[in-house]
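The values are calculated or read from the model by the stated rules, or taken from the named source; none is laboratory data. Here the structure is a predicted model, which is why all the values come from computation and not from measurement. Neighbour counts are summed over all protein chains in view; Cβ atoms, including those assigned to glycine, are modelled from backbone coordinates with ideal geometry.
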Amino acid sequence: MPSSSSLIYQIPGVRLLQAKLNQLSSYIPPPPRVRNGEEDAPRKILLVHAHPDPLHSFSAAIAHQVESSAKDAGHEIRRISLYGSGSRNDPDFAPKLTAQELALHQAEGTDIEKRRLASEVKDSLKLLKWCDTLLLVYPTWWMNVPAALKGFFDRTLVHDICWSLPSSKNNELGGSVGLVPKLTNVQQIVGISTYGAPQHIVTLAGDNGRRMIANGVRHGIAPDATVAWLGLYGIEGTTPEQRTNFLKQVDTLVKEL
């Protein structure tokens, strides 16, 4: 027998309304996925992990859980670790956007190989063009994303590949005056973050990282894309049992994508 929560989505317009409200605020969760036909196909997940200890931190445990759960669910998953292991063959992703890169950012051209971009940026762009789900795992520091993740966005979300500006004709006609999305293959963003502060303090402070991702980065992807969020708050005061339960929530979230 269907649950009461699933029955509500049989009412015409409810699913669409919830998706539209989610696009206005990530604090309203997206509707559950429709489980039939093409919409039930495996996801192509790009996991971007940003933590200085990519191997032994609890953030690393979250990223590992994401990979494990995605594979168990039959999804494809690829990973970018912005902090390397420290070896020469696994360097950090340099977060600083240089003056030379900034000058080249406004260039035109959608062919990644023909653009004058650093190799790590090209590699990241190819993965962004491949995925339908962008999943971010990071700790929230000072109510924002780590510098490594902000730098990833700064360097990788380049003009004409990830976004463009509307034509002057559209502006004159009163059309869109925001960004024209180019990463329309990305149908959803999922954020999983740990926080030092309790949830009510994070909410009052604005959670700038979440807002930037949900209200800024999202406008470069599919116009009807949704944003899902999962946070572990007051992490320093959590017990091993609470952390284990959080990993179970991560498992459920990823398997239901």
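Please indicate, with yes or no, whether at least one residue in the stretch 57-76 is assigned to a helix (DSSP H, G or I), among the charged types (D, E, K, R) and touching a residue at least 60 places away in the same chain (Cβ under 8 Å). The answer is yes; a qualifying residue exists.
For SER193, are the conditions met, namely being of a type in the set (Ser, Thr, Tyr) and modelled with pLDDT of 95 or more? Yes. In summary, helices (runs of 4 or more DSSP H) completely within the stretch 174-257 and bearing 1 or more residues that are of a type outside the set (Val, Ile, Thr), closer than 13 Å to THR133 by Cα and in contact with a strand residue (DSSP E or B) (Cβ under 9 Å, 6 or more places away or on another chain) occur at 240-255.
In the set VAL180, VAL145, only one residue is closer than 27 Å to GLN100 by Cβ, free of Cβ contacts under 8 Å to residues at least 24 places away in the same chain and surrounded by 16 or more Cβ atoms within 10 Å (Cβ to Cβ); that residue is VAL180. Considered as a group, the residues in the stretch 198-257 that are within 23 Å of PRO42 (Cβ to Cβ), among the β-branched types (Val, Ile, Thr) and buried (at least 16 other Cβ atoms within 10 Å of the Cβ) include one that is nearest to the chain's Cα centre (by Cα), and that residue is VAL227.
Would you pick out the residues in the stretch 66-85 that are under 19 Å from LEU149 (Cβ atoms) and under 18 Å from the mean Cα position of the chain (by Cα)?
VAL66, GLU67, ILE77, ARG78, ARG79, ILE80, SER81, LEU82, TYR83
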